[in-house]
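The values are calculated or read from the model by the stated rules, or taken from the named source; none is laboratory data. These numbers come from a predicted model, not from an experiment. When we count neighbours, we look across all protein chains shown, and the Cβ atoms used for this are built from the backbone with ideal geometry, even at glycine. Keep in mind that these areas ignore ligands, DNA and RNA; they rest on the heavy atoms of the full protein, side chains included. Shrake-Rupley method; radii C 1.70, N 1.55, O 1.52, S 1.80 Å.
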Amino acid sequence: MIKNYLKIAWRNIVRNRMYTAINVLGLAIGLCACIAIYVIVSYEFSFDTFHPGKERIYRLMGDVTETTGEKLHFAKLPLSLSQTVRSELPGLDAIAAVSPYNVKVSISNGNSPAKHFDGAGAAIAEPQYFNIFKYNWLAGNPTSALNAPFSVVLTESKAHQYFGADPPDDIIGKEVVYDDSLRVKVSGIIKDWNKNTDLTFTDFISFSTVKSSFLKKNFSAGLWNQGDMTTWAFVKMSAGTVPSQIEARLAGLVKRHADANLKLSPWLEPLSDIHFNADVIENSIRTAHKPTLYSLTAIAAFILVLAAINFINLSTAQSIRRAKEVGVRKVLGSSRGNLVFQFLTETFLLTFFAVLLAVAFVNPVLTAFRSFIPPGLTFNIFSPSTCIFLLIITTITALFSGLYPAKVLSGYLPAISLKGDGAQRGGEKWLLRKGLIIFQFTVSLIFIIGTIVINNQLKFTRSKDLGFKSDAIVTVGTPWGDSLAKIKVVAEKIKQLPGVNKVALEWMPPMAKNGRGMKIKFKSTDVKETGVAQMAGNEDIIPLYQMKLLAGRNILHSDSAKEFVINETLAKVMNCKDPADALGKMLYWNNKPYPVVGVVADFHTSSFHDAIGPLCIVNRPDREGTLAIKLATHGQQSSTIKSTLSQIEKAWKQVYPAGTFDYQFYDESLAMLYEKDQQAATLINAATAITIFISSIGLFGLALFTAEKRAKEISIRKILGASAVNIAAMLSMDFVVLVVIALVIASPIAWYFTNLWLRGFAYRINIGVWIFILAGLSAISITLITVSFQAIKAALMNPVKSLRSE
C-alpha cells in the first residue's frame, strides 16, 4: 500500500512541476535557516557540558561597586580569597586558583638552537584544579604532579608540539623554559579534551613555583586590595550544598579579612553560564550572546512557519482541481483516513526533497555569515545529534504543512465533487488563504520596518559628530612593563617620519571599550566621591584628536599627573554656569589637589548606548603605553600610506626588536563598539530578504492558480471590452488590499519592538511615519512585481482558448 501511495505521490508531483518547485524551494529555504541556526545554537550551548558533576562546579566571581552605583564584575580575585576559602569555608569538595600566563616558550634542542613557541594556553594552577576538572592521565601522578615547585603538566597535543612524537613517559622530566628564565620540569601528561570547552589551558605550571621564582612579584599572598585581583578560582560544592549558603558565608569571610577600601561582593557563577557572560572585566574567554541565540531561534521558527504557510496556501488552492479525484477514490472505497495518509505521503516526499536541498545550502550559508560563526564550528550531517534533528524537523514540518490540506482534500463529499461543484466550499478556503497571506506579509513587514530602523540608527552612529576627529589615526601598542622611557624614544622617531602629522602618547583612546574611571572630590573635606571617566594622555592628545578647547589651556608636559582638563559636563556638575568659571578650581583625586586648567567641549567617551558623562583628561606617563599617530593623508595615495606604516614599523622595531608590532586604524576600533548592533542589522537584513522571498514565491504560486481558476471570467471580461490594464489591475488589487491590511497589523508591533531596541541607545533616531509608509510601499511594490507577471499573462490570453469548451 505504501508503495502505491509513493507512486501516486510521485505522479502528482511530476504532473504539477511548477507548484512542486515553489513548494520545495520555499520549504528548503525555511529548513536551511533552521538547520544552520540549529548548528550555531547547539554549538554554543555545548561548551563545558561534559564534566562529571558539572552542576556542582562554579567560578568564583566578585562584584566591585563604584561610587556611581555601577557594578563591575571581576573573574580575577585576590589569591588570598581562594586560600582563605579553602581553610575556613565548609561545604566545598575543592577550590582551585588558576591564573592565565601567556608567555614565550623555549625548548632546548641539544647543540642546536632552542625551539621557540607561543605560550598561549599556559596557566599557573593549584593541584586541586585536577580534583575539579577530570582528565585522562597518560603519564605522571594526578595526586602529586603539581605539588612540587618548578613542575608543569602538559596536554598531549602540547607535549607533542614541544617534544615531537616521544612517548608520554619519556617526556616526563624534560625541561620547558617560560619567559626566558622560568625553568620547569614536565611532571605529567594529560589527554586533551575532545569536546567544546572555554578552559583551553594546555600548560599547567605548579602554583608553588610562584614563591620560589620571579613570579612572586605578580601575586600578593595575604593581601586583599583591588590591585591584587590576579587569579581565577573554581569551586566544586559538596553534594547537597546550596549556592546561596556558600555566597552568604563568602560575604562574611570577605568582611572579616578584606581591606576596607575593597568593596568586594563575591558570588558563584555556574559553569554553564561562563560561556555567556561577556560582562566581565578583562575577560579572556570568547563568549556567546544568549539574546542573539534566542533571536536566531525565533527567526528560524518564523521563517519555517512562513514556508509552511506557503505550502498550506498552495495545497488548499489546488484542492478544487483535485476534488473529482477525491470523489472517485471515495466511491471506489477509500476512507478518509486512507486519503489523509495519501496526501501526507505527498507532503513527506516534498519535505524530504526540501531537506536534501536545504542540507546542500547549509555550508554556503554558514560561509556567507562568517561574522556569526564561532571558530571551530562545522556542519557534520552524519553526527547523531544532527541526524536526530533532521528527522524531527522533517516530521514536524511535514505534519504542520500537510495535515490541514490533507484534512480539506479528504473532506469533499463524492456527490458534490463529482457533479463539478467542488468549488462550493472555495469561499471558506479563500478566506483562510487570505488570512495566511496577511500573516506572511505581517511578518515580512515587521522585518522590513526593523531593517529600516536599525540601518538608520547605525547610519546615525556613523554620521553624528563625536566631538573629536578619528580619521587617519593609527594606534600602536608597546610591550607592557617595558621601560617607559622607550616609548618616548619611539615617539620622537616616528614624529620625524614623512607622512606623519602628529604623535601622542595615551593610555586608551576616546570611546575605548574598557575606558578607565577615577573617583574625585570637589572639596578636600568631602566624604562622598564622584565617579568620572578618565582619559590619560600627554600634551599632544587634545591637538591630535582636535578636541575643542572652550576655556583655559591644554595640559602641559610633565613627568607625573599635576593638573586636569575637564569636559563641559563635569563643569556643569561643579555648578559652573560658564566653562571659564571652572578654571583654577581644585579637584581632589586620591586625596591630592589638582587644578582645573582647561575645559573642552563634550565628546563621546563610549558608544551611543551611553550618555556623555563627566570626564577628566590627565597626563599620566606611567600609564601612557600606546602611540596615537595621525597620518598626513591629504592628497596621499594608498601606496604612500602603506610606505608610511612600513617606516613606522621599522622605527618601532629599532626600539623594541623582540616585540610584535601591531597597529590598528582607530576608525576600525570605533566600528567594533557597534559590533553586536551591526550583527543584529545583518541578521534582520537576512531575515527580511528570506521572508520577502518566501512570501513572494508563495504569492507567485497563488497568482498562477488564481489566473488559471479565473481564466473564463477574464475571457468574458475581455470580450465585453475590458482592457489588459483593467484585468491586470483587477487581479493584482486583491493581493494589494491584503498587503495594506498586513501593514496596519504590522505597524504597531514593529513600532513596539524597534522602539524597545532603540531604548538601548542614549542617542538615537526618531521613528517617523515615513518609515512605515516606505515599508508599505516596498511591500506593495514587491507584491505588484510578483503578481503582475501572471496578471498580464492572463490579461493577454486569447479568450477563445478558455471559452471554446463552453
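Tell me which trypsin sites (Lys or Arg not before Pro) from region 574-653 have a DSSP coil assignment and no more than 12 other beta carbons within 10 Å of their own.
Values: sites: Lys577, Lys585, Arg623, Lys630, Lys642, Lys650, Lys653; in loops: Lys577, Lys585, Arg623.
Passing both the DSSP loop test and the Cβ count: Lys577.
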For the chain, the longest principal axis of the Cα atoms and the Cα long axis of helix 336-368 enclose an angle in degrees, to the nearest 10, of 40
So, in nm, how far is label Ile285 from label Asp169 when the simple model puts each one 7 Å beyond its Cα toward the Cβ?
-> 3.7
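Work out, step by step, the length gained on full extension between Asp192 and Asn591: first 0.36 nm times the residue separation, then minus their alpha carbon distance; give nm to one decimal.
On the way: separation 399, 0.36 × 399 = 143.64 nm, distance 5.16 nm.
Result for the pair: 138.5 nm of gain on full extension.
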Along the positive direction of the dipole of the chain (beta-carbon charges: Lys, Arg +1; Asp, Glu -1; about the Cα centre), which of Ile749, Phe400, Phe117 reaches farthest?
-> Phe400
Matching label, semi-axes √(5λ) of the Cα gyration tensor in Å computed from the structure shown, candidates [x] 91, 33, 29; [y] 63, 38, 25; [z] 49, 31, 24 = [y]
Mind jotting down a quarter of the surface of the convex hull over the alpha carbons of region 593-680, in square nanometres, one decimal?
-> 9.8
Please name which of Val618, His604, Leu673 has its Cα lying farthest along the dipole of region 592-673 towards the positive end, using unit charges on Cβ (Lys, Arg +1; Asp, Glu -1) and the Cα centre as origin.
-> Val618
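Subtract the Cα-Cα distance of Ser558 and Ser144 from 0.36 nm times their separation in residues, and report this length gain in nm to one decimal.
143.7 nm
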By the gyration tensor of its Cα atoms, with a ≥ b ≥ c the square roots of the eigenvalues, what is the shape of region 432-480: rounded for a/c under 1.5, prolate for a/b over b/c, or oblate?
-> prolate
Cα-Cα over 22 Å: which of Lys464/Lys548; Lys216/Lys488; Lys195/Lys290; Lys469/Lys585; Lys54/Lys263?
-> Lys216/Lys488; Lys469/Lys585; Lys54/Lys263
Using Cα atoms only, what is the angle between the long axis of helix 724-758 and the major principal axis of the chain, expressed in degrees (0 to 90) to the nearest 10?
-> 30
Plugging the Cβ-Cβ distance of Gln664 and Ala360 into 1/(1 + (r/R0)^6) at R0 = 45 Å yields, to the nearest 0.05, a FRET efficiency of 0.70
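Quantify, in whole percent, the carbon and sulfur part of the accessible surface of the chain (1.4 Å probe; protein heavy atoms only). Let's see the in-between values first.
Details: 21960 of 37760 Å².
Solvent-exposed carbon and sulfur of the chain make up 58 percent of the total.
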Does anyone have the angle between helix 426-463 and the longest principal axis of the chain? Alpha-carbon axes, 0 to 90°, nearest 10?
-> 30
Options Ser715, Ile694, Gly477, ranked by Cα towards positive dipole end of the chain, top entry (Cβ charges) = Ser715
From largest accessible area down, sort His73, His275; use a 1.4 Å probe on the protein chains.
-> His73, His275
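Largest first, how would Lys469, Lys562 line up by accessible area (1.4 Å probe)?
Working: Lys469 95, Lys562 125 Å².
Ranking Lys469, Lys562 by accessible area, largest first, yields Lys562, Lys469.
For an R0 of 25 angstrom, estimate the FRET efficiency from the Cβ-Cβ distance between Lys104 and Ala485 and round to the nearest 0.05. Before the final figure, lay out each step's value.
Details: r = 23 Å, r/R0 = 0.93.
Once the sixth-power term is evaluated, E becomes 0.60.
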May I ask you to order 122-134, 28-40 by the average number of other C-beta atoms within 10 Å around their residues, highest value first?
-> 28-40, 122-134
Quick shape check on region 475-633: root eigenvalues a ≥ b ≥ c of the Cα gyration tensor, a/c under 1.5 is rounded, otherwise prolate if a/b tops b/c, else oblate, and it reads prolate
Would you mind working out the accessible area per residue for the chain, using a 1.4 Å probe, and quoting it in Å²?
-> 47
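On a full-extension model of 0.36 nm per residue, what is the gain between Ser781 and Asn225, subtracting their alpha-carbon distance, rounded to one decimal in nm? Present the calculation step by step, with values, prior to reporting the outcome.
On the way: separation 556, 0.36 × 556 = 200.16 nm, distance 6.48 nm.
That works out to 193.7 nm of additional length.
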Going 7 Å from the Cα of Tyr763 toward and past its Cβ, which residues in region 654-671 have a backbone nitrogen under 20 Å from where you end up?
-> 666-671
Quick one: if the Förster radius is 22 Å, what FRET efficiency do Thr640 and Asp471 give, using the C-beta to C-beta distance and rounding to 0.05?
-> 0.85
Got a sec? What order do Ser463, Ser788 fall in by accessible area at 1.4 Å, biggest, i.e. largest, first?
-> Ser463, Ser788
By the C-alpha gyration tensor axes a ≥ b ≥ c (rounded if a/c is under 1.5, else prolate when a/b exceeds b/c, else oblate), the shape of region 146-247 is oblate
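Counting pairs of alpha carbon atoms under 8 Å apart in space and at least six apart in sequence, what relative contact order in percent does the chain give?
Details: 1327 pairs, mean separation 115.5, N = 806.
Reported relative contact order: 14 percent.
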